[in-house]
Amino acid sequence: MPVKEFPELQEKAISHFNHLGFPGQKNEEWKYTNISPILSKTFSDSILPGGITKNEILKRFPFIRDAIFIVVENGRWNREESEFKDIPQGMKIGYVREEKNNPSIQKHFNSYADVQDDSFAALNTAFSNDSLLIQVLPGSVIEKPVFIIHVASSDEQAIVIHNRLLLVAEKNSSAKISTLFVSKTGSAETFTNAIHEIFVGENAKLEFDILQNENEKSFHICGTHVLQSANSVFSINTVSAGGKIVKNKLHIKLNGQNGENHMHGLYVASDSQLIDNHTAVYHAVPHCNSNQLYKGIIGGKAHGVFNGKIFVEKDAQKTNAYQSNKNILLSNDAVVNAKPQLEIFADDVKCSHGATTGQMDEESLFYLRSRGIGEENAKSLLNIAFANDILNAISLESFREYLSSLVETKLKDTLS
Amino acid sequence: MKENKFKKNSSQALTTQHETRMLSIKNLKASIGEKQILNGINLEIKAGEVHAIMGPNGSGKSTLASVLSGRDVFDVTGGEVLFDGENILDLSPEDRARKGIFLAFQYPVEIPGVSNANFLKTAVNEIRKSKGLEPLDSKDFLVMMKERMKLVEMDKAMTQRSVNEGFSGGEKKRNEIFQMAMLEPKLCILDETDSGLDIDALRIVANGVNALRSKERSFVVITHYQRLLDYIVPDFVHVLYNGRIVKSGTKDLALELEEKGYDWIKEIKADAVEFSNK
Amino acid sequence: MSEDLKILNDLSQNEYKYGFVSDFESDNAPKGLSEDIVRFISLKKKEPEWLLEWRLKAYRHWLSLKQEEPTWANIHHPKIDFQEIIYYSAPRPKPELKSLDELDPEIKATFDKLGISLEEQKRLSGVAVDAVIDSVSVKTTFREELSKLGIIFCSFSEAVHDYPDLIKKYIGSVVPMTDNFYAALNSAVFSDGSFCYIPKGVRCPMELSTYFRINSAGTGQFERTLIVADEGSYVSYLEGCTAPMRDENQLHAAVVEIYAHKNAQVKYSTVQNWYPGDKNGKGGIYNFVTKRGIAHEHSKISWTQVETGSSITWKYPSVILKGDYSIGEFYSVAVTNNMQQADTGTKMIHLGKNTKSTIISKGISGGKSNNSYRGLVKINKNADHSRNFSQCDSLLLGDQCGAHTFPYLEVHNKSAKVEHEATTSKVGEDQIFYCNQRGISTEDAVGLIVNGYCKEVFNQLPMEFAVEAQKLLAVSLEGSVG
């Protein structure tokens, strides 16, 4: 075992985990997601470098060529193969442990993740050992995109990887950070257990994108915990395509007035994949807006889960909260379980949610076919149009195009 | 004020005088939050008269209508409003309505699920109750409704629909005049009833209003455009600017405004302010 | 909040007007629950052996649940001591009645106060009434007229004696005794209720109605209603409930089963006005009810409920859409005020092809109450071309209350179409002002607006019931805006 980064926190997290154990399907948060396939495996935590190179990375993800990127292999930052020499002024990239004596960083670390209530958050806290820190300093506007490329790789034995990120966007700052989870070509089973803690300072503007595209053998559990200050704008876009079981938990607390957020999610599942998105927005103060749009395209024997919660606390008057979940089922063995949930304790609010599940619009399909487009093509066009609603929220054009073609390829494979 | 009331009750002569003077607005000032909107309005309206109030956007026209009907988002910071000799500023909106003040809203609200007919029946009977009258039974009410519907060319289906829900702009305004006909108020305030109406709808609305004109009923017609006054001919025209009436005249004043625009008024106003500062 | 709303808040709490206690002698079982009590109830009712066995089986199952009530609902209450409840309380038997005139005058007076004078009902409205006080069905009107059509409408206990085959066939066929904690309890100790059978092709010419009332102190009410609509028949069934004001909480755990054969239609309407407890949450009925229907080919089951009473409501009238082309509907208005808690909704289980369900739920919360909608729409794998539409709206009156929406949508078929919408809103101040300007007081304006908000649901109720529901709504909302 490597030396612990934060022995005290980590000891505590272990005792939380011992108390919590793994969740079963009787736990409402895991009602539709059975994790026994994960638990039945024996994972090793002996992390070996996978030996990926910068060239390989650039070849696979050409859109990061002009960006700053950090390569994290099996939970360990691979500095050699990363590209972070030209970090703009006003941005700090490093380890959380290097800021042990910096109270303005430490007050955020391990403060937002629900270590006491969530087994996987507890495990992550206990075993992650290279907690990354990205800090955008007050007033800094970072134009250059930043990517974190997480590569999971295992030669034979299944391994478990704990990734951890602390992202602090200080007052009046602005930045775009994207994080990619992928497998090394030919990798064996991996289990990624990631935690993102994000603080969005007063009047700060932050976009955070997540792509989950690990191989078909991998398991992925990801918790993203966000605290938003007054007048801040936070956008998060989550695209889930790969992985055998993927479970996302996104919790955002609007803690200062006039905060605004946009949560977009796209999940495209095929074969026997299970992709589960749980979101929760807490409106703690008045005059905040939250918007959620999650879309799923489910084929094969795959299973899509969406559970979105909006909480409006008693004092959070003049809240506008909107949530929508739309699903398309491509096969009769595909399943969608949706639970859009509102819990409202203030009266002067506008909250609404909607959820639909069905096939693609027959009329649109007919329209396209009547113009001479073949059925397969028409379907694929409509599915991509459906998905693009989400992808359009991603502001980096080259990244968006990459995702669009990734989704297109996956849909074609699923439909054929 | 108490003294006034006493005089009113004790002196026959004074009462007669009050009867002809239906509405007296004296140095009325109102604000919303920190912002002062009405800066001292003076206006006298006698029974049977039609007064038009014109003015550029933001001059306080709609605020005046809201304050008269008792909307509590505005704070009255000074002055008084006598209606039939009684200061109404402390009365609730429904009590003012029951005394005969009717506001045709600029933006009539929608009340889903409540039919026009049910809504009006409740209103008519509450007003009757306040006057010590028996409530109308369903039959009498329907007869009355049928008769008054003709005034604004409403069809029966409209009375069965929810209050203003899914109504077009023109239908909403017609519905306001229809309600006016049903509630038989003494003082009718029309708040930009003409805005957004095409010429046909405007004619229907104006015809409805004209049919309701009588010696006992007065009108305050708030409008931005002279066009409406071709149809509802006023006895007096007042120009409101910066929360004050800066010019009053006959219907010719409306024509003059149409021709010269409001900038002309703004110049007069500038002088007036200077004058009052001295 | 505007001044008007504050005034509304100051309005005194309306007295629960059904809170009288009727003073007729009851025949009570001792407190507590045991096999002996189950035997006592069965014996009292002179039941056949098979039914006693059925009860005992349910009791044993309930015991195996170790007195652990379900905890998933969004409700909170102190643990119920099931040994402190009297499980059987009957008005003391009088000689067999030959006509309504012989009914105990006290009981008759009770009904008169409830506004359901049997005489009245019989003469004027043509509604057939079965009245259940505490646990025992007191009188069923109109029985003869109905029997000419082959319609059976009687108390559950009578049906056990007179139509044992029907009861044996259908009891527990929709809500098995093991279905849930309260259903198991009911199956063990149910004392009476209503039974209704509509034969093939018969359209029941009048509304059938049951009024339930809890009268005695310390008792629970555990009635069972069973409605069987044979092929191609139609029936509309109404249910109303009241209870006296008491400081202690009383338990009501009922079971309603509807069996709709091919082409049958059943419409079940409830106006639930059990005592809601006082302003501070003292007393009131715990209303834990299991209601479910099974719909065969081309049949339709429609639930309409107006829930204004009870300190706690836990209730999910559901439809199993078993046959192809069957239809399930759920229309609900749930009002909570003061300290009331409601967790109510429905389950629509689509098994057959081309099945269709509609859910319209209107929750209104005032005071310090909590109102939850909880619903499940499940489309099974073989339920091709099934449709569901759900609309769940919440209206909040004041900032001390809570509105919650927990819809579960489980879709296992690609040709299905499931749509769910929900909104949360308040009574607009501009709407109130508009009404004020037309001379309508704030209190009446709130009533008017809320009634308008519930209209889609009230429209589903039979006329007389709709009027009652509107009045009830106005009463429950008094003093709710703050």
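Inverting the pair-averaged 1/r between distinct Cα atoms of the range A:361-416 gives 12.0 Å as its Kirkwood hydrodynamic radius. Each Lys and Arg Cβ is given +1 and each Asp and Glu Cβ -1; about its Cα centre, the range C:378-482 then shows a dipole of about 520 debye. Over 19 Å between C-alpha atoms is what I'm after, so list which of A:Lys217/A:Lys339; B:Lys121/B:Lys215; B:Lys99/B:Lys129; C:Lys322/C:Lys381 land there. Pairs exceeding 19 Å: A:Lys217/A:Lys339; B:Lys121/B:Lys215. Computed over protein heavy atoms with a 1.4 Å probe, the carbon and sulfur contribution to the accessible area of the range B:79-210 reaches 48%.
Between the amide H of C:Gly281 and those of C:Met339, distances stay under 5 Å, these residues lying 5 or more places away or on another chain, with hydrogens modeled in the peptide plane.
Shape call for the range B:43-84 from the C-alpha gyration tensor, a ≥ b ≥ c root eigenvalues: rounded (a/c under 1.5), prolate (a/b greater than b/c) or oblate? In terms of gyration-tensor shape, oblate. Rounded to the nearest 20, the size of the Cβ-charge dipole of the range A:361-416 about its Cα centre is 120 debye, with Lys and Arg at +1 and Asp and Glu at -1.
Along the positive direction of the dipole of the range B:84-210 (beta-carbon charges: Lys, Arg +1; Asp, Glu -1; about the Cα centre), which of B:Phe178, B:Pro93, B:Leu136 reaches farthest? Among B:Phe178, B:Pro93, B:Leu136, the one farthest towards the positive end of the dipole of the range B:84-210 is B:Leu136. Just checking the listed ones, B:Pro112, B:Pro93, B:Pro185: in the Gaussian network model of chain B with Cα springs under 10 Å, the one fluctuating most is B:Pro112. With the Cα gyration tensor of the range A:53-212 giving a ≥ b ≥ c as the square roots of its eigenvalues, does the rule (a/c under 1.5 for rounded; else a/b larger than b/c for prolate; else oblate) give rounded, prolate or oblate? It is oblate, given that a/c is not under 1.5 and a/b is not larger than b/c. For the segment B:123-130, counting C-beta atoms of other chains within 10 Å of every residue's C-beta and taking the mean gives 3.
Listed by chain and number, the aspartates and glutamates whose C-alpha is less than 18 Å from the C-alpha of B:Lys35, apart from same-chain residues fewer than 8 away, are B:Asp72, B:Asp75.
Here is the interface size for A with C: some 2800 Å² of accessible area buried, both sides summed, with a 1.4 Å probe.
Shielding of peptide B:151-164 by partners, expressed as the average count of other chain Cβ atoms within 10 Å per residue Cβ, is 1.
How large a share of the accessible area of the range A:361-416, in percent, is made up of carbon and sulfur atoms when the probe is 1.4 Å and the other protein chains stay in place?
Roughly 48 percent, rounded to a whole number.
For B:Ser248 and C:Thr423, the FRET efficiency from 1/(1 + (r/R0)^6), where r spans their Cβ atoms and R0 equals 35 Å, is about 0.10. Remark: spin-label model distance A:Asn34-B:Asp95 equals 7.0 nm, labels positioned 7 Å along the Cα→Cβ axis.
Per residue, how much accessible surface does chain B expose to a 1.4 Å probe? Answer in Å², no decimals.
For chain B, the per-residue accessible area is 48 Å².
On the basis of the beta-carbon distance and an R0 of 22 Å, C:Asp36 and C:Ile80 show a calculated FRET efficiency of 0.60. Cross-link partners for A:Lys12 among the lysines, with Cα-Cα distance under 21 Å and sequence neighbours closer than 8 places in the same chain left out: A:Lys4, A:Lys100, A:Lys107. Charged side chains reduced to their Cβ positions (Lys and Arg at +1, Asp and Glu at -1) give the range C:304-365 a dipole of some 180 debye around its Cα centre.
Counting only residues at least eight positions apart within a chain, or on another chain, the aspartates and glutamates with an alpha carbon under 15 Å from that of A:Lys301 are A:Glu216, A:Asp271, A:Asp276, A:Asp333, A:Asp413, C:Glu410.
What distance in nm separates the two pseudo spin-label positions at B:Ala157 and B:Ser138, each 7 Å out from Cα along the beta-carbon direction? Reported label-point gap for B:Ala157 and B:Ser138 is 2.3 nm.
Taking only complete DSSP H runs, can you tell me which helices of chain A stretch 15 Å or more along their own long axis by Cα positions and average at least -1.0 on the Kyte-Doolittle scale?
Working: long enough: A:7-20 (20 Å, -0.71); A:375-391 (24 Å, 0.17); A:397-415 (27 Å, -0.48).
Taking the DSSP H segments of chain A (at least 15 Å long, mean hydropathy at least -1.0), we get A:7-20, A:375-391, A:397-415.
Ratio of the range B:20-277's C-alpha Rg to 2.2 N^0.38 Å, to two decimals? Write out the running numbers ahead of the final one.
Values: Rg = 18.4 Å, N = 258, 2.2 N^0.38 = 18.1 Å.
Compared with the compact-globule rule of thumb, the range B:20-277 sits at 1.01.
The value for chain A of Rg(Cα) / (2.2 N^0.38 Å) is 0.95. Element breakdown for the range A:7-256 at a 1.4 angstrom probe: carbon and sulfur atoms account for 47% of the accessible area.
Cut-off 10 angstrom, C-alpha nodes, Gaussian network model of chain A. Which of A:Asp389, A:Asp271, A:Asp361 fluctuates the most? Residue with maximal mean-square fluctuation among A:Asp389, A:Asp271, A:Asp361: A:Asp361.
Packing-wise, with mean Cβ within 10 Å as the measure, how do A:212-223, A:137-148 rank, highest first?
On the way: A:212-223: 22.2, A:137-148: 17.7.
The packing order, highest mean first, is A:212-223, A:137-148.
Shape class for the protein assembly as shown, computed from the alpha carbon gyration tensor (a ≥ b ≥ c): oblate, with a/c not under 1.5 and a/b at or below b/c.
Among B:Val209, B:Val143, B:Val50, the residue with the largest mean-square fluctuation in a Gaussian network model of chain B, with springs joining Cα atoms closer than 10 Å, is B:Val143. Here is the interface size for C with B: some 2100 Å² of accessible area buried, both sides summed, with a 1.4 Å probe.
Beyond 15 Å, what percent of the Cα pairs of the range B:14-120 remain? Provide the component values of the computation, followed by the final result.
Values: 3864 of 5671 pairs.
The answer is 68 percent, as a whole percent.
What does the structure give for A:315-328 when I average, per residue, the other chain Cβ atoms found within 10 Å of the residue Cβ?
Values: counts 1, 1, 2, 0, 1, 0, 1, 0, 1, 1, 2, 1, 3, 1.
Mean shielding by partner chains, rounded to a whole number: 1.
The values are calculated or read from the model by the stated rules, or taken from the named source; none is laboratory data. These numbers were taken from a predicted model, which means no experiment stands behind them. Glycine also receives a Cβ, built like all others from the backbone with ideal geometry; neighbour counts cover every protein chain displayed. Keep in mind that these areas ignore ligands, DNA and RNA; they rest on the heavy atoms of the full protein, side chains included. Shrake-Rupley method; radii C 1.70, N 1.55, O 1.52, S 1.80 Å.
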